[in-house]
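Please read the structure below before turning to the comments.
The values are calculated or read from the model by the stated rules, or taken from the named source; none is laboratory data. All figures in this text were calculated on a predicted structure; none of them were measured in a lab. Positions of Cβ are generated from backbone atoms using ideal geometry, with glycine treated the same way; all protein chains shown enter the neighbour counts. With ligands, DNA and RNA removed, areas are computed over all heavy atoms of the protein, side chains included. Shrake-Rupley method; radii C 1.70, N 1.55, O 1.52, S 1.80 Å.
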Amino acid sequence: MKDCEYQQIDPQALPTPAPLAELEPGSEKTTRRPRRKWEVFPGRNRFYCDGRIIVARQNGVLPLTLGLILSTSGLFFTFDCPFLVEHLTRTIPVIGAVLFFFVVISLLQTSFSDPGILPRATPDEAADVEKHIDSSGSSTYRPPPRTKEVMINDQVVKLKYCFTCKMFRPPRTSHCSLCDNCVERFDHHCPWVGNCVGRRNYRFFYTFILSLSFLTAFIFGCVITHLTLRSQSNGVIQALQDSPASVVELVVCFFSVWSILGLSGFHTYLVASNMTTNEDIKGSWSSKRGVEESGNPYSYSNVFTNCCAVLCGPMPPSLIDRRGFVEVGSVAPPPPHPHPASIVGKNDTSMVLIAMSSGAVSEQSRRFSVLSWPQVQRLDSILGETVPIHGRGNFPTLSVQPRQIVQVVRNRLQEKGIVVRDVKLNGSAASHALHQDGGLGYKDLDLIFGLELPTDKEFRLVKDVVLDCLLDFLPAGINKDRITPLTLKEVYVQKLVKVCNDTDRWSLISLSNNTGKNVELKFVDSLRRQFEFSVDSFQISLDSLLLFDKCSQTPMSESFHPTILGESMYGDFEEALDHLRNKTIATRSPEEIRGGGLLKYCDLRVRGFRPRSEAEMKSLQRYMCSRFFIDFPDISEQQRKLEAYLQNHFMGMEHKRYDCLVTLHSVVDESTVCLMGHERRQTLNLIAMLALRALAEQNVIPTVTNVTCYYQPAPYVRDRNFNNYYIAHLQPCRNTYRTWLPCN
């Protein structure tokens with residue numbers, strides 16, 4: 001033994017802990033009510049009826065709108081309709097009732113429905129932005145760029161970065177300052193309806209103002225007719241005195257009908273030209289923006305087609321699962337740190353009893369499990385494997401073991417005054433250690449250091465420490481004094497990422513490896529979502545194993561090895577491990593998975609994984625397809641994302657690329673509900689082209705460099721201006737700079 005003392009403990013001598021209910025006698029047994037997502041929604045919205053109704057927080061004008069409509073219509077049906085039915089026709093109240101019904105129903109649908117709110121970005125999106133910044137050549141952290149440019153129908157469209165939602169807004173998306181949300185196809189925030197008007201409720205808003213125009217004009221005309229008929233026998237003054245309610249209706253309708261008719265006419269013009277109020281006010285497609293603009297790229301150049309696209313297109317699904325439950329332990333406390341005394345020889349049963357005796361509640365204890373001896377052996381093998389870190393240029397290749405670099409970095413951080421809470425192995429490598437035949441395999445070695453990053457000073461210190469540690473792994477004979485941290489970064493670091501906002505504070509340093517097995521060091525203060533599917537949600541605490549390496553001279557054995565604790569961010573360790581064993585695809589909060597999750601899903605399908613049920617599969621696929629097309633709306637960006645994923649995740653498994661593309665083709669074809677038909681066909685055409693290329697790379701068919709896949713468009717799609725959202729050709733954009741960022 002070295003500087004620490006250990007004692008061999010007989011497992012049979014361990015006391016059996018009392019049941020959880022008996023740990024604290026007299027304490028009341030409480031059950032935490034699961035929270036729904038609307039209760040923790042970050043935007044400025046109010047929810048009612050358990051999340052079924054969503055309105056803006058500043059909705060005080062909505063009762064006034066509804067009150068004016070109800071009171072004016074009530075006066076009309078009470079005082080005017082009886083007289084008009086007696087002297088004219090009985091169809092007047094019928095027409096008024098139909099118009100009133102349309103007005104109220106469309107108003108409520110506009111006010112109480114999701115206008116098209118986009119979920120805020122996960123850490124993956126922020127990491128992609130930082131990766132793009134770092135690729136520009138700067139050696140320091142900088143704020144993300146404010147604009148990007150994409151080509152839509154041969155026209156440049158600028159995309160702005162939203163610093164609140166941490167994402168580049170898709171085309172036609174804007175951030176509402178009153179609701180504090182990014183809304184897809186944002187038209188305007190309407191205080192009269194108490195909600196934003198966007199892609200999902202614009203048709204209801206247009207129906208509301210159009211039917212309200214007819215109702216106001218109808219009541220106005222009927223009141224004038226009523227007063228005119230009365231005045232023929234008694235005079236105008238007597239008619240006004242006989243029906244004072246009609247005077248109130250007349251005043252209300254006279255001062256409102258002109259503005260309502262004008263608003264209806266304005267939005268009819270917008271619908272016919274496929275524009276939004278926001279675009280018209282800013283002059284996005286007019287001479288207000290300069291001579292370079294050449295018209296609205298979203299217009300079909302046909303009034304009827306524009307109206308059908310805006311008002312009659314498929315209703316896109318809501319991307320915020322308001323009534324879904326917050327995943328168990330989404331903000332979980334760190335697992336209990338293994339004490340040196342826990343590094344003893346014992347069987348699995350007694351280890352579980354010790355873990356349970358730490359006082360963890362049953363709900364949290366489901367997240368954790370103690371690794372068995374075979375799992376510890378596989379973990380030790382992963383940490384002891386020599387991984388090359390390839391240098392650029394003439395710099396030598398470094399040979400490091402994960403356990404070595406973890407020990408060096410941890411010791412250096414502590415020397416600088418930064419306390420490392422714990423170190424964990426994350427992702428596919430952790431899944432491989434838990435179940436070797438899970439079918440996932442592993443490439444990257446994701447190592448998570450838990451520490452505090454309160455200011456930028458700590459972020460810079462962490463980066464400097466890691467770069468300084470690389471000097472220790474340089475071969476002998478290298479003059480280390482002449483190598484600067486900037487040189488080490490340019491030579492051995494593949495990417496640097498820094499994320500710092502209200503919910504996430506972490507940084508990532510990825511070390512280069514030409515075979516794709518990168519050593520990724522992630523330094524985390526807080527991190528919101530840390531997994532996509534249950535099978536890659538595992539994290540294994542390495543503290544006890546590292547302590548064993550430091551203090552013990554006795555090799556590990558089945559009867560003498562450290563207690564190592566595993567955790568599933570999915571929320572239930574055994575359930576997630578069962579998914580891994582049975583190759584089952586499951587997740588929580590699928591609407592939070594970014595666009596790259598669709599490709600990971602198809603990758604799992606190719607590797608033999610299957611969803612738990614047909615219904616769950618269809619729902620999951622719809623969510624992921626919607627997120628994919630939000631994150632990658634441009635056809636050239638879809639092509640770049642697909643090619644990069646195939647290159648990085650099928651290294652050594654090139655024969656599986658075709659199967660993955662066939663699966664992706666089927667999923668997009670079956671589950672895409674938020675696109676027009678021609679847009680889906682463009683993406684399917686791209687996937688088919690890449691599949692042919694994959695076959696050619698396997699020498700199954702001749703080269704397909706000059707092969708093009710065609711589809712026959714419907715008659716109304718023949719016009720080149722019909723393309724609304726994506727460019728029709730598959731060639732890259734004329735600009736050479738990157739536009740939309742990848743979402744890994």
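Of the residues contained in region 621-641, none is found to be modelled with pLDDT under 80 and closer than 18 Å to residue 691 by Cβ.
Just a yes or no: is a residue in region 451-470 crowded, with 17+ Cβ neighbours inside 10 Å and more than 33 Å from the chain's Cα centre (by Cα)? For region 451-470, residues crowded, with 17+ Cβ neighbours inside 10 Å and more than 33 Å from the chain's Cα centre (by Cα): present.
For region 233-247, give me the residue count where each residue is in a helix (DSSP H, G or I) and either open to solvent by less than 30 Å² (accessible area, probe 1.4 Å) or among the hydrophobic types (A, V, I, L, M, F, W, C) (or both).
Qualifying residue count, region 233-247: 7.
Checking each residue in region 265-281 for being open to solvent by 10 Å² or more (accessible area, probe 1.4 Å) and either over 19 Å from residue 303 (Cα atoms) or assigned to a helix (DSSP H, G or I) (or both) picks out 265, 266, 268, 269, 272, 273, 277, 278, 279, 280, 281.
If you go through region 151-173 and keep only what is in contact with an Asp or Glu (Cβ under 8 Å, 6 or more places away or on another chain), closer than 17 Å to residue 42 by Cβ and open to solvent by less than 10 Å² (accessible area, probe 1.4 Å), you end up with just 167.
For region 552-565, what are the residues that are more than 12 Å from residue 380 (Cα to Cα) and buried (at least 16 other Cβ atoms within 10 Å of the Cβ)? Correct list: 552, 560, 563, 565.
Does region 145-152 contain at least one residue that is part of a helix (DSSP H, G or I) and aliphatic (A, V, I, L, M)?
First, the residues of region 145-152 that are part of a helix (DSSP H, G or I): none.
Within region 145-152, not a single residue is part of a helix (DSSP H, G or I) and aliphatic (A, V, I, L, M).
For region 609-620, the count of residues that are more than 26 Å from residue 326 (Cβ to Cβ), part of a helix (DSSP H, G or I) and among the small types (Gly, Ala, Ser) is zero.
How about region 174-193: which of its residues are out of contact with any Pro (no Cβ under 7 Å at 6 or more places or on another chain), part of a loop (DSSP other than H, G, I, E, B) and surrounded by fewer than 24 Cβ atoms within 10 Å (Cβ to Cβ)?
Of all residues in region 174-193, those out of contact with any Pro (no Cβ under 7 Å at 6 or more places or on another chain) come to 174-182, 185-193.
The next check asks that each one be part of a loop (DSSP other than H, G, I, E, B); those that pass are 177-180, 185-187, 191-193.
Within region 174-193, 177, 178, 179, 180, 185, 191, 192 meet the criteria.
Inspect region 78-97 for any residue being under 30 Å from residue 116 (Cα atoms), assigned to a helix (DSSP H, G or I) and not small (Gly, Ala, Ser) and give the result as yes or no. For region 78-97, residues under 30 Å from residue 116 (Cα atoms), assigned to a helix (DSSP H, G or I) and not small (Gly, Ala, Ser): absent. The lone criterion from (1) within 25 Å of residue 376 (Cβ to Cβ); (2) modelled with pLDDT under 90; (3) assigned to a strand (DSSP E or B) left unmet by residue 447 is number (2). Taking region 63-85, which residues are open to solvent by less than 20 Å² (accessible area, probe 1.4 Å) and over 15 Å from residue 252 (Cβ atoms)? Listed by number, the residues that qualify are 81, 84. Every residue in region 480-494 that is touching a residue at least 12 places away in the same chain (Cβ under 8 Å) and open to solvent by 40 Å² or more (accessible area, probe 1.4 Å), please. Scanning region 480-494 gives 485, 486, 490, 494.
On the given criteria, is residue 250 open to solvent by less than 30 Å² (accessible area, probe 1.4 Å) and either over 30 Å from residue 634 (Cβ atoms) or at pLDDT 85 or above (or both)? For residue 250, the condition - open to solvent by less than 30 Å² (accessible area, probe 1.4 Å) and either over 30 Å from residue 634 (Cβ atoms) or at pLDDT 85 or above (or both) - is not met. Listed by first and then second residue, the pairs with beta-carbon distance under 9 Å, at least 6 apart or on different chains, first residue in region 452-479 and part of a loop (DSSP other than H, G, I, E, B), second among the acidic types (Asp, Glu), are 452/458; 452/525; 453/525; 454/525.
Only a single criterion out of (1) open to solvent by 40 Å² or more (accessible area, probe 1.4 Å); (2) closer than 21 Å to residue 459 by Cβ; (3) not in a loop (DSSP other than H, G, I, E, B) is not satisfied by residue 549, namely (2).
Output yes when any residue across region 412-429 is part of a helix (DSSP H, G or I), modelled with pLDDT of 90 or more and touching a helix residue (DSSP H, G or I) at 6+ places or on another chain (Cβ under 7 Å), and no when none is. For region 412-429, residues part of a helix (DSSP H, G or I), modelled with pLDDT of 90 or more and touching a helix residue (DSSP H, G or I) at 6+ places or on another chain (Cβ under 7 Å): present. Among the conditions (1) closer than 20 Å to residue 631 by Cβ; (2) assigned to a loop (DSSP other than H, G, I, E, B); (3) at pLDDT below 85, residue 138 misses just one, which is (1). Scanning region 235-264 for residues that are under 17 Å from residue 83 (Cα atoms), free of Cβ contacts under 8 Å to residues at least 40 places away in the same chain and aliphatic (A, V, I, L, M) yields a total of 5. Scanning region 315-348 for residues that are exposed (fewer than 14 other Cβ atoms within 10 Å of the Cβ) and at pLDDT 85 or above turns up just one, 315.
Among residues of region 569-597 being touching a Gly at 6+ places or on another chain (Cβ under 9 Å) and not in a loop (DSSP other than H, G, I, E, B), the one that is nearest to residue 616 (Cα to Cα) is 590.
If the requirement is being open to solvent by less than 10 Å² (accessible area, probe 1.4 Å), of a type outside the set (Ser, Thr, Tyr) and touching a Lys or Arg at 6+ places or on another chain (Cβ under 6 Å), which of these qualifies: 629, 650? Give the steps one after another, and end with the answer.
Numbers: 629 fails: touching a Lys or Arg at 6+ places or on another chain (Cβ under 6 Å).
Matching residue, one of 629, 650: 650.
Among the residues of region 282-310, the ones that are at pLDDT 85 or above and either in a helix (DSSP H, G or I) or among the aromatic types (Phe, Trp, Tyr) (or both) come to 10 in all.
For the condition within 18 Å of residue 385 (Cβ to Cβ) and touching a Pro at 6+ places or on another chain (Cβ under 8 Å), residue 399 qualifies.
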